[in-house]
Amino acid sequence: MEKIDFTNPDYEFDDIAEQVFYPIYDVIAQDLLEETGIVSGSMLDVGCGGGHLGFAVMGKSDLTGDFVDINATAVRLAEERSKRLGVWERSRFYRADVVSLPFEDQSFDLVISRGSMFFWEDQERAFSEILRVLKPGGKTYIGGGLGRSWQRKAIMERMDELGLVCMGRQKDASMALTDGEYRSLAERLGRPLSIVDDEERGHWLVFEG
């Protein structure tokens with residue numbers, strides 16, 4: 001079985017999102033809108049990849065979307081996709097690192113990220129920066145999930161068919177902290193935190209601005 005690191009900029013990660021993960025984005029988008037209650041204003045998608053989750057959120061809400069990724073190819077693909085989806089005028093795109101976001105303080109009502117935080121080497125600095133740009137009353141929805149259990153089963157079967165291993169989800173490769181460590185981080189940063197940990201919805205950090 002071929003092992004592919006999804007952080008490799010030379011790998012066609014967007015094809016995997018399209019061929020394997022695509023059905024889950026609408027489900028996660030609905031979950032996060034219901035969890036946060038934020039359906040208008042400004043959204044930031046950090047580590048956006050091709051923009052799939054952010055665009056799904058925009059399709060179910062009145063939110064505008066800013067999209068950030070450290071990978072220039074991802075940013076280009078997300079911008080191209082926004083034009084095909086007809087949301088280009090509601091979207092902006094940036095190549096940037098999560099630890100140095102190019103936005104003013106308190107810029108966003110909602111900050112989302114799926115599957116990216118596991119690669120953030122400096123978790124405290126990353127979340128400090130995310131919370132810096134979060135508006136008072138705003139919320140985050142940051143973490144990972146593969147949709148409902150039947151979707152997760154189908155995705156894993158499809159990955160097996162393609163001979164893929166998602167190395168970023170291997171526990172020994174993840175940079176993510178434990179829930180206890182995130183709660184301690186929230187206390188240090190002085191922000192409320194609730195954690196979604198559900199077999200059907202996934203694992204998500206909901207900080208409040």
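The values are calculated or read from the model by the stated rules, or taken from the named source; none is laboratory data. As the structure is a prediction and not an experimental result, all values here were calculated from the model. Backbone-built Cβ (ideal geometry, glycine too); neighbour counts: all protein chains shown. Remember, those area values only see protein heavy atoms, side chains included, never the ligands or the DNA or RNA. Shrake-Rupley method; radii C 1.70, N 1.55, O 1.52, S 1.80 Å.
Where does each of SER128, SER113 land when they are ordered by accessible area, with a 1.4 Å probe and the largest first? Before the final figure, lay out the partial values.
Working: SER128 45, SER113 0 Å².
Most to least solvent-accessible, the answer reads SER128, SER113.
Ignoring everything but the protein chains, give the 1.4 Å probe accessible area of GLU208 in square angstrom, nearest 10.
In the full protein context, GLU208 sits at about 70 Å².
Please name whichever of GLN123, GLY65, LEU110 sits farthest to the positive end of the charge dipole of region 55-131, dipole taken about the Cα centre and charges placed at Cβ: Lys and Arg +1, Asp and Glu -1.
Positive-end residue among those listed: GLY65.
Where the only charges are on Cβ atoms (+1 Lys, Arg; -1 Asp, Glu), what is the dipole of region 44-136 about its Cα centre, to the nearest 20 debye?
On the way: 12 positive and 15 negative charges, 88 e Å.
Computed about the Cα centre, the dipole is about 420 debye.
So how compact is region 31-79: Cα radius of gyration and Dmax in angstrom?
Spelled out, the Cα radius of gyration and Dmax of region 31-79 are 10.9, 32 Å.
For the pair GLU34 and PHE103, how long in nm is the line joining their label points, each one 7 Å along Cα→Cβ?
My value for the distance between the label points is 2.5 nm.
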